[in-house]
Amino acid sequence: MYILTCITRLRLSAACAATLAFSSCAVQALSADDARHLLSRTGFGAAPHEIRALLPLTREQAVDRLLTGLDQAPTLAPPPAFLAEPTNEYLPRLGRDYLPAAMAVGLPMLNLGSAEETALTHRGMQEMEQLRVWWLDTMISSPSPMAERLALFWQGHFTSKYFDVLGPRLMYDQLQQIRAHGTRNYADLLHAMVRDPAMLVFLDNAVNTRHTPNENLARELLELFTLGTGHYSEFDVKALARTLSGHSVDFGGDWRYLVREGELDTTAKHFLGRDDVRTLEDAERVILEQPQAAVFVADKFYREFVSPDADPREVARLAAVLRTGGYELRPFLREMLLSPAFWASENRGRLVKSPVELLVGLVRTFGIAMPDVGMLAEDSRLLGEDLFEPPSVAGWKRGMAWLNPQSLGMRSERVTAIWSCRDAGREALRAGADDLLVRFSAERAGPVPVRLGVRVDGVPVAAAQARCPAESIGAGQAAGKPGWDLLRIPRKGLPAKPHTIDVVFERGAGEQANLFINWVQLDGKRIPVYLSDIRFDAGQPCSAQVPKGMMYCPGVAHFDIAAIEAAQHGMEPTLLDRRYEHVNSIIEFATTRLPLVLRPAARPSGELARDIAEQWQGLPLPQAVLPVAPLLAAPAGAVEPDARLESLLLDPAFNLK
Amino acid sequence: MSIRIVANTMLTRRRALAGIAGMAAGAGFPVLAAPAPGAVPVDALRTKRLIVLSLVGGNDGLNTVVPVADPLYRKLRPTVGLPERKVLPLDAMLALHPALTSTMQMFQRGELAIVQDVGYPRPDLSHFVSAAIWESADPQRGLSAESGWWGEVVMQNRAAFDAAAFDAAAVTFESSGAFAAGRGVPLMRARQDVSALLAAPQAASIDARALTGEESRALGDMVAARTDAQARFARRLKHVQPPHWRPYEEAIDVQIQLTDWFLTNGVTTPLIRMTLGGFDTHSELLARHGALMAVLDRTLEDLRRRLCAAGLWDDTVVLVHSEFGRRPAENGHGGTDHGTAGPVWLLGGRVQGGIHGPRASLENLDAAGNPVFCTDFRRVYATVATGLFGLSVNPFADRGHAPLPVRLV
């Protein structure tokens, strides 16, 4: 049996020709640690079922399976809600310093400081948050996390920063381009990026004209995106800037790519040693003809996926594969992922997870059903990786720059916060379409229980405690937003046509706790808290000034259902509720209508994960979770499996992959 | 126009001391050797401390230290300008916000130095970037910088800090501690729930030096450093009375109480960093900023009182700053938008009080309508490194940012 399987797996790569069954080469079946290493380097974490799926395979088969998986489009997250509302009201109307170039390209200018512009700014922030949540949810639920990992890599390479683009739809479109081309062909990706509206705005090329030339995109393209310092001259930058002139954005219309014919410079230019570069296509072709172009990309991939120390010969070998393959990425990735360096034990555990990789990896590895993916956006921001806002055009931090004594502590706090909320999401998975649901979050100082109750038509139907309140009272800037929790009351046993629902916040004297109510839902109809009446307990100092639902004092959120339905004329609350005055509050009115739980069926575990530790049965625990030996001592004695897992999560070695 | 010109309140302790010393010597009494004015004592690193209070959000400097005699102030701020009769005069031109009454008393005692219009070239008007610049002292790299200003100071004066054997090189309560980022700079982050400080630190399971892989070893070193720092704090604090918390504590009060608790129980650290939030006043400036000034005043008064009670006020400097000031011209909503330069305050028992540094012109603003800074913020750090701690290596002075002529000791 064994010999048969061995022979059927005998697809020897050239490197293995001399070494048959013993060494670390493709014919060997993967060990659990190998499988974990491959998954966590190419995706986000490694869930037990993903590890098990790879165990019977050889390294080659496993890598091929991952690469084929890149074509599996994630069917899952519906696009961000704001895309349903087309708009061309983007912020350069707010008076960016584009003069006089802006005049030349017809950029509309308005005055700073009016209420309308403030509303626009806040709307943009809310839309970007929807975009972040959408992408994070895609990372969590995709059957091909490698596709999203590559998108994250490329987005940190061909960078754009929302703060300078100020068009959420543009950021979405750019991400979609990256996702489409980033797993296929580098030349196509480059072609798309130099015509991408977000890029053209971010690096000022949209206002690069013959009379007002702007070199920003040309310079960064050569320095950071394609060749690197020392492989081009200042004359090349100028020539490229002239070639890029006129490649712009339709500001007056839909903000899509627009070529301003009158601004094109199609004269023959001297660029990177060629004399006849006229168009942007010519320039791209000449760039890609440079051997350095492939080396630059290969080096970056090597440091990002193999080891922080790039072996120049290995990089050169991989660059040759990329270049001779017409910049096709799959053969290049295959070569890299099957190289001895990738699997070498001295390279294991040498890369550092970025905040997004750390948090998404945690959620994927343990099949945690996030009650609120927005928590991950907030947490990754706190840890220094605010998606769509890289610190500079040079992209994100790398390697050990992510880790210092302070960030270590913050990372483990965030991991703990998500881990301690792992039960909250399970509730959402159990929710029936008609059940009475209350979405809320809570904060506190110290180990005080945050208590809430629900009454229907005056009759108590539930009493509960917040499962994962944030320890944010008195913590000021350092605290994350509390994550959403869900209270579920089965429909059965409730009146057929209820008149009122009360959400009651109870708090004892001296207790420091606050409750934030987002919405209630019954019979599939969701009612946001701003349609309720808030009544604080007698003698409490809280007033009606505070945004509704933010219960800093004990009291009741009273939902008069009939009155609400009458006032709404039977219509449901709007999809995008742009109440900008609440943008800094914990209540997210703009998410009222979003789907409650995003595609539980697509979650890796499929059914409810009753006991996370059960999933790890049969897999050696430390090796399955950490790339290196734990740095902290595991708890002694007979310990619950969950506690043991928790101690591994909190081990600093969990930051490595 | 009735501007009280505050008489030169520079009757400093130093002159008084000199007088007393002179008298005493003349009368043949033994003279207690007071330190020469302005000379940094040899053991300054061990005896002095800096408390950095960051006002987060961009404090409106122009309504804090108000150029009330500048007609442009009134012109640019027709509705949010502070009425002359309400502000607290500092000199012929400047006055303090009316809520800063305790601060005013400190100024009159000669304990408050105001450095006007501090900023940096090519100002960035983003909170995150500008705050990162102040934390890293690196306007070029900002968010991408890999070390903090205090981290640099510690790393470049390694021998002195090792000899001082502090419990922590710095203490912070909120924020990521970017200001102290650097290899081998033990930073302690403290929260209201002090159990993490007092608990037995989780023991390492392996010797970091035995690890292969640079990254694992570096992590191992960090774990060891954190464990050691926690152990030092626990030794000082485990058996003393813990802080007494009221039913609801504001974040700043948590920080003050923890600072007091640490200092009175002998925790040794040269730098404590606090933050006070809410300063991003794009609207309702008068009401919101007024409330913030009251909190700031109360905070400084509270700190001074506690430090005096502990006998530490003469050896402490409080540095108050913000990541940027705000635009001189008011916006359409009764507020002001992100700006550039703003005042930096240095307070302490031995600080040379007064107004220091030139004031930015309200006439020659930059293209965005903001003042051009007059004093580079790195000079403030340089002043601390040399003039407070007497360190032999001053990374900021080495890069051309000379210490300010403001005595801190």
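The values are calculated or read from the model by the stated rules, or taken from the named source; none is laboratory data. Bear in mind the structure is a predicted one, so any value in this text is a computation, not a measurement. All Cβ positions, glycine included, derive from the backbone under ideal geometry; neighbour counts span all protein chains shown.
Residue count for the range B:319-337 under the criterion of being modelled with pLDDT of 90 or more and within 14 Å of chain A (Cβ to nearest Cβ): the result is 8.
Picking from residues in the range B:185-206 that are at pLDDT below 80 and farther than 22 Å from B:Val254 by Cβ, the one that is farthest from the other protein chains (Cβ to nearest Cβ) is B:Ala200. Across the range B:192-201, not a single residue is classified as of a type outside the set (Ser, Thr, Tyr) and within 23 Å of A:Leu351 (Cα to Cα).
Every condition in (1) loosely packed, with under 15 Cβ neighbours inside 10 Å; (2) within 14 Å of another protein chain (Cβ to nearest Cβ) is met by A:Arg535 except one, and the failing one is (2). Of all residue pairs spaced 6 or more apart or on separate chains, those with beta-carbon atoms under 9 Å, a first member in the range A:423-446 that is within 30 Å of B:Arg191 (Cα to Cα) and a second member that is among the hydroxyl-bearing types (Ser, Thr, Tyr) and crowded, with 16+ Cβ neighbours inside 10 Å are A:Glu443/A:Ser472; A:Arg444/A:Ser472; A:Ala445/A:Ser472. Please specify each residue of the range A:398-411 satisfying the condition of being part of a loop (DSSP other than H, G, I, E, B) and within 7 Å of another protein chain (Cβ to nearest Cβ). Listed by number, the residues that qualify are A:Leu403, A:Asn404. Annotation note: of B:Leu347, B:Leu362, the sole residue that is away from chain A (no Cβ under 14 Å) and more than 21 Å from B:Ala385 (Cα to Cα) is B:Leu362.
Looking across the range B:301-324, just one residue is part of a loop (DSSP other than H, G, I, E, B) and in contact with a strand residue (DSSP E or B) (Cβ under 7 Å, 6 or more places away or on another chain), and that is B:Phe324. Residue check: A:Ser392 meets all listed conditions (1) touching a helix residue (DSSP H, G or I) at 6+ places or on another chain (Cβ under 6 Å); (2) within 14 Å of chain B (Cβ to nearest Cβ); (3) buried (at least 22 other Cβ atoms within 10 Å of the Cβ) but one, namely (3). Look at (1) more than 14 Å from chain B (Cβ to nearest Cβ); (2) within 30 Å of A:Ala198 (Cα to Cα); (3) part of a loop (DSSP other than H, G, I, E, B) and you find that A:Glu378 fails only one, number (3). One residue stands out in the range B:207-216 among those that are assigned to a loop (DSSP other than H, G, I, E, B) and surrounded by fewer than 17 Cβ atoms within 10 Å (Cβ to Cβ): the one that is nearest to the other protein chains (Cβ to nearest Cβ), namely B:Thr212.
For the condition in contact (Cβ under 8 Å) with a residue 40 or more places away in the chain, part of a helix (DSSP H, G or I) and within 12 Å of chain A (Cβ to nearest Cβ), B:Asp228 qualifies. Filtered by the rule that a residue be part of a helix (DSSP H, G or I), β-branched (Val, Ile, Thr) and over 18 Å from B:Ile133 (Cα atoms), the range B:384-400 gives a lone residue, B:Thr386.
Picking from residues in the range B:237-261 that are of a type in the set (A, V, I, L, M) and more than 14 Å from chain A (Cβ to nearest Cβ), the one that is farthest from B:Ala44 (Cα to Cα) is B:Val240.
Identify the residue in the range A:337-364 that is within 16 Å of the chain's Cα centre (by Cα) and not aliphatic (A, V, I, L, M) and, among all such residues, is farthest from the other protein chains (Cβ to nearest Cβ). For the range A:337-364, the residue satisfying everything is A:Arg364. Filtered by the rule that a residue be surrounded by fewer than 19 Cβ atoms within 10 Å (Cβ to Cβ) and away from chain A (no Cβ under 14 Å), the range B:262-290 gives B:Thr264, B:Asn265, B:Gly266, B:Thr268, B:Leu286, B:Gly290. Inspect all residues belonging to the range B:325-332 and state whether any of them is free of Cβ contacts under 8 Å to residues at least 12 places away in the same chain and assigned to a loop (DSSP other than H, G, I, E, B). Yes, there is a match, as at least one residue in the range B:325-332 is free of Cβ contacts under 8 Å to residues at least 12 places away in the same chain and assigned to a loop (DSSP other than H, G, I, E, B).
Residue-wise test of (1) buried (at least 21 other Cβ atoms within 10 Å of the Cβ); (2) under 21 Å from B:Val318 (Cβ atoms); (3) free of Cβ contacts under 8 Å to residues at least 40 places away in the same chain.
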site	(1), (2), (3)
B:Pro41	no, yes, no
B:Val68	yes, no, no
B:His127	no, no, no
B:Ser136	yes, no, no
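Close Cβ contacts (under 8 Å, 6 or more residues apart or on different chains) running from residues in the range A:499-513 that are within 10 Å of chain B (Cβ to nearest Cβ) and farther than 15 Å from A:Ile534 by Cβ to residues that are among the small types (Gly, Ala, Ser) and surrounded by fewer than 17 Cβ atoms within 10 Å (Cβ to Cβ) comprise A:Gln512/A:Gly446.
In the range B:129-159, what residues are touching a helix residue (DSSP H, G or I) at 6+ places or on another chain (Cβ under 6 Å), small (Gly, Ala, Ser) and outside any helix (DSSP H, G or I)? Passing the criteria: B:Ala137, B:Ala145, B:Gly148.
Among the residues of the range B:178-202, the ones that are part of a loop (DSSP other than H, G, I, E, B) and either of a type in the set (Lys, Arg) or free of Cβ contacts under 8 Å to residues at least 60 places away in the same chain (or both) come to 12 in all. B:Ala234 fulfils the conditions (1) at the interface with another protein chain (Cβ under 8 Å from one of its Cβ atoms); (2) over 26 Å from the mean Cα position of the chain (by Cα) except for a single criterion, (1). Considering (1) farther than 26 Å from B:Arg189 by Cβ; (2) within 11 Å of chain B (Cβ to nearest Cβ), say which one A:Leu452 fails and leave the rest. With (1) farther than 26 Å from B:Arg189 by Cβ; (2) within 11 Å of chain B (Cβ to nearest Cβ) applied to A:Leu452, the lone miss is (2).
When the range B:160-177 is filtered for residues that are more than 9 Å from every other protein chain (Cβ to nearest Cβ) and part of a loop (DSSP other than H, G, I, E, B), the ones remaining, listed by number, are B:Ala165, B:Phe166, B:Asp167, B:Ala168, B:Ala169. The residue that is nearest to the other protein chains (Cβ to nearest Cβ), among those in the range B:365-379 that are surrounded by 22 or more Cβ atoms within 10 Å (Cβ to Cβ) and farther than 15 Å from B:Pro139 by Cα, is B:Asn370. Of all residues in the range A:413-454, exactly one satisfies the criterion of being acidic (Asp, Glu) and either part of a strand (DSSP E or B) or on the phi > 0 side of the Ramachandran plot (or both), namely A:Glu443.
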